[in-house]
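Only one structure is covered here, and it is reproduced in the block below.
The values are calculated or read from the model by the stated rules, or taken from the named source; none is laboratory data. Keep in mind that this is a model prediction, so the values were computed, not measured. For neighbour counting, all protein chains shown are included, and Cβ atoms are generated from backbone atoms with ideal geometry for every residue, glycine included. Note: accessible area is taken over every heavy atom of the protein model, side chains too, but ligands, DNA and RNA are not part of it. Shrake-Rupley method; radii C 1.70, N 1.55, O 1.52, S 1.80 Å.
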Amino acid sequence: MEFSHNDNDNLSLTKFESMLKTNNVLFFDSEEFENIIHHYLNEGKIALAKKAIKLGLEQHPSSINLKLFRVEVYVFEDKLVEADALLNELYSLDPTNEEIFIQKANIFSKKDDHKKAIEVLIQALDLTDDVVDLYSLIGMEYLFLDDYEKAKTYFMKCLETDIEDYSALYNVVYCFEFLNQNEDAISYLNIFLDKNPYCEVAWHQLGKQYFHLKKYKKALAAFDFAIISDDSFIGAYLERGKILEKLKRYNEAIENYNITLKLDDPTSFALLRIGHCFEKLHKDDLAIQYFERTVHEDPLLDKGWIAITKFYKKKGNYQKALYYINKAINIDSENVVYWKLYAQINLRLKFYEESERGYKRTLELGNYELNTWLSRGDILIKIGEIEAAIYNFEQAIEFYPENAEIEYRLAGLYFSLNETDKGAFHLKNGVKYNEEFAFIIDELFPEVANKILVKNILKTNH
């Protein structure tokens, strides 16, 4: 029922669309209608597909294939009761039609009854010579059930029947990976390659398995064979580049990434990796050139903005780092990594209010690392926002109970406000949890360190 691109089919489509515009009813044979409907469904033009089904059934009321298209649309629109009723009617007319079983299974799948869907698909296997699609559908149902072993078995059956079914090959490898069976995946792929030695997809997947196991030389060899099988296989060059980076062979990695840039439009991933390689080679001008190309190519790729910001931060050029992180935040103000970098850079520049704002935003976006709470609280102490600092550390202690670093800070803050009882409470907690952090009082609250009560609590516990 596939819509082909020969002249007759194109003519049928043109004729049908012309009929819709003029309201003249023209005759089409049932196969023409099937091709037209299939075309519209593939294009996602459901309304036109429904019109074609309606007109098709008016002209060919007994066509089972056209009624099956109606079932397909019912399922798409979640009208499962109508779909089921029509399928039962069709089953009584043609109980050996595999498509009826496939659609029945589709309904069970939509209802999350995947076991029943599998039962129906297995029945359909006896009705067809073309089993590959059915094996694939059964495999997918087992994936829905998280039964990766059985799913794997059925995708393997696809490949036994059609050695060039690469989507099944990807699914087999996916199952192996999910089950952490990398060695088994390697054995399977090697056997597969004995039968199909020029399959670039299998070589590529084999290389990825070796890479996962840190067997870099074997991975490189596999990617070499992928490239021999298809010298325009971009994925293999990218993977080779990643391994060569791991092996610190940065110039060779750059060569591989550059090949991908020549084979297709530049990818932000390749540009970014080249930038990192040049950075490792201490060729800073070239590194920054490629980082800038990365963010120009894909402004939404956070790794590009992070790389360029960290590059300048490492060099101590905080003004430039701030310029780029501000640009990044303008593009994506919800990115927690951006705000953390923004806070760190502003702190280096002694822009304390901006730094505090950055840490606050980081916390609002769900980054509850201890260091974020401590950094923000310390800035609030520095700029004299004592109440805000207390509130910050009181929140922090909910995430990190029994943390000495927080307790000493709260002790210092309460003593600063002459709330002696609370100060003593937190100071005793701090000493109890870890007395080695007592220096925090000296560093952040020198005026508190001289209080007799503070000295006594610290002395008592030494």
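Taking the condition within 20 Å of the chain's Cα centre (by Cα) and either buried (at least 16 other Cβ atoms within 10 Å of the Cβ) or not basic (Lys, Arg) (or both), does GLY241 pass? Before the answer, list the steps.
Working: within 20 Å of the chain's Cα centre (by Cα): no; either buried (at least 16 other Cβ atoms within 10 Å of the Cβ) or not basic (Lys, Arg) (or both): yes.
Considered against the rule, which asks whether it is within 20 Å of the chain's Cα centre (by Cα) and either buried (at least 16 other Cβ atoms within 10 Å of the Cβ) or not basic (Lys, Arg) (or both), GLY241 comes out as no.
Which pairs have Cβ atoms under 8 Å, sit 6 or more apart or on different chains, and link a residue in the stretch 397-418 that is at positive phi to one that is surrounded by 19 or more Cβ atoms within 10 Å (Cβ to Cβ)?
Hits for this filter: GLU402/ASN429.
Which residue pairs have Cβ atoms closer than 6 Å, lie 6 or more positions apart in sequence or on different chains, and pair a first residue in the stretch 186-211 that is under 17 Å from ILE243 (Cβ atoms) with a second residue that is open to solvent by less than 30 Å² (accessible area, probe 1.4 Å) and of a type in the set (D, E, K, R)?
Filtered contacts from the stretch 186-211: GLY207/GLU239.
Within the bounds of the stretch 427-435, is there any residue that is within 44 Å of the chain's Cα centre (by Cα), among the aromatic types (Phe, Trp, Tyr), assigned to a helix (DSSP H, G or I) and more than 19 Å from SER375 (Cα to Cα)?
The answer is yes, given that some residue of the stretch 427-435 is within 44 Å of the chain's Cα centre (by Cα), among the aromatic types (Phe, Trp, Tyr), assigned to a helix (DSSP H, G or I) and more than 19 Å from SER375 (Cα to Cα).
Residue-by-condition table, conditions (1) farther than 19 Å from TYR40 by Cβ; (2) open to solvent by 90 Å² or more (accessible area, probe 1.4 Å); (3) assigned to a helix (DSSP H, G or I); (4) without any contact (Cβ under 8 Å) to a residue 12 or more places away in the chain:
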| site | (1), (2), (3), (4) |
| --- | --- |
| LEU55 | no, no, yes, no |
| GLU58 | no, yes, yes, yes |
| ASN65 | no, no, yes, no |
| ARG70 | no, no, yes, no |
| TYR74 | no, no, yes, no |
| VAL81 | yes, yes, yes, yes |
| ALA85 | yes, no, yes, yes |
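Residue by residue, here is whether (1) within 18 Å of THR309 (Cβ to Cβ); (2) in contact with a strand residue (DSSP E or B) (Cβ under 9 Å, 6 or more places away or on another chain); (3) in a helix (DSSP H, G or I); (4) of a type in the set (S, T, N, Q) holds:
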| site | (1), (2), (3), (4) |
| --- | --- |
| SER333 | yes, no, no, yes |
| TYR359 | yes, no, yes, no |
| LEU374 | no, no, yes, no |
| GLY384 | no, no, no, no |
| GLU387 | no, no, yes, no |
| ILE390 | no, no, yes, no |
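Just one of the numbered conditions (1) out of contact with any Gly (no Cβ under 9 Å at 6 or more places or on another chain); (2) at pLDDT 95 or above; (3) open to solvent by less than 40 Å² (accessible area, probe 1.4 Å) is not true of GLU353; which one?
Evaluating GLU353 over (1) out of contact with any Gly (no Cβ under 9 Å at 6 or more places or on another chain); (2) at pLDDT 95 or above; (3) open to solvent by less than 40 Å² (accessible area, probe 1.4 Å) leaves (3) as the failure.
Does the stretch 94-101 contain at least one residue that is open to solvent by less than 50 Å² (accessible area, probe 1.4 Å), within 19 Å of PHE16 (Cβ to Cβ) and modelled with pLDDT of 80 or more?
no
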